[in-house]
1. Has the stretch 84-94 got at least one residue that is more than 15 Å from M129 (Cα to Cα), of a type in the set (S, T, N, Q) and in a helix (DSSP H, G or I)?
2. Kindly indicate the residue of the stretch 90-149 that is surrounded by 15 or more Cβ atoms within 10 Å (Cβ to Cβ) and among the polar types (S, T, N, Q) and also farthest from I57 (Cα to Cα) among those meeting that condition.
3. Would you mention how many residues in the stretch 19-36 are surrounded by fewer than 21 Cβ atoms within 10 Å (Cβ to Cβ), of a type in the set (A, V, I, L, M, F, W, C) and in contact with a Gly (Cβ under 9 Å, 6 or more places away or on another chain)?
4. Every residue in the stretch 102-147 that is in contact with a strand residue (DSSP E or B) (Cβ under 9 Å, 6 or more places away or on another chain), farther than 17 Å from Y51 by Cα and in a loop (DSSP other than H, G, I, E, B), please.
5. Tell me which residues, restricted to the stretch 7-17, are free of Cβ contacts under 8 Å to residues at least 40 places away in the same chain and touching a helix residue (DSSP H, G or I) at 6+ places or on another chain (Cβ under 9 Å).
6. With the checklist (1) surrounded by fewer than 16 Cβ atoms within 10 Å (Cβ to Cβ); (2) over 12 Å from the mean Cα position of the chain (by Cα) in hand, flag the one item M70 doesn't pass.
7. Filter the stretch 2-30 down to the residues that are part of a helix (DSSP H, G or I) and closer than 23 Å to I49 by Cα and list them by number.
Amino acid sequence: MKYSPLEKILWSIALPGLGQYLNGKLFKGTVFLILEIFINIKSHFNEAIIYSFKGDIPMAIEQTNYHWLMFYPCLYFYAIWDAYKESGVGSKYSFIPFVFSGYFVTAGLLFSVDFTIFGILLGPVWLPMLCVIPGIIIGNIFMKLIPFK
């Protein structure tokens, strides 16, 4: 069965490794899946997600092991980019928005303990998610403005 590049990206966004499975890269997909589960467990990320969705940001911050969660953004965006790349679409430099998203989400995670927007503390889930937007925008601008050879 042939899967569209969009389908592969969306499954990879849902869970790193699934896009690789759809691309037929079972070993790589399994490695991403194991790393995602391991980092998720060590960082207590699911607990942070639950508390964030319930609006208890201080508890989400308290539960999060930031030393482990810092690995997550780059793994996550690399897995998404890899699923995209392996589907055969994109230009030679289409990785750049994914890389910038990884950078910005990591920065959002670093500042998520005390950074507020309009007095609202967003914590380790919402602030990094918002940081995807400037990561994609700046990555696309960078990709278009810099004359790569």
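The values are calculated or read from the model by the stated rules, or taken from the named source; none is laboratory data. Here the structure is a predicted model, which means the values were calculated and not measured. Heads up, the Cβs are rebuilt from the backbone with ideal geometry, glycines too, and the neighbour counts pull from every protein chain shown.
1. no
2. Among residues in the stretch 90-149 that are surrounded by 15 or more Cβ atoms within 10 Å (Cβ to Cβ) and among the polar types (S, T, N, Q), the one farthest from I57 (Cα to Cα) is S94.
3. Number satisfying all stated conditions: 4.
4. Scanning the stretch 102-147 gives a single hit, F115.
5. Those that are free of Cβ contacts under 8 Å to residues at least 40 places away in the same chain and touching a helix residue (DSSP H, G or I) at 6+ places or on another chain (Cβ under 9 Å): E7, L10, L15.
6. (2)
7. I9, L10, W11, S12, I13, A14, L18, G19
Yes/no per residue for (1) at pLDDT below 95; (2) small (G, A, S); (3) crowded, with 16+ Cβ neighbours inside 10 Å:
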site: I50; (1), (2), (3): no, no, no
site: K54; (1), (2), (3): no, no, no
site: P58; (1), (2), (3): no, no, no
site: F77; (1), (2), (3): no, no, yes
site: S87; (1), (2), (3): yes, yes, yes
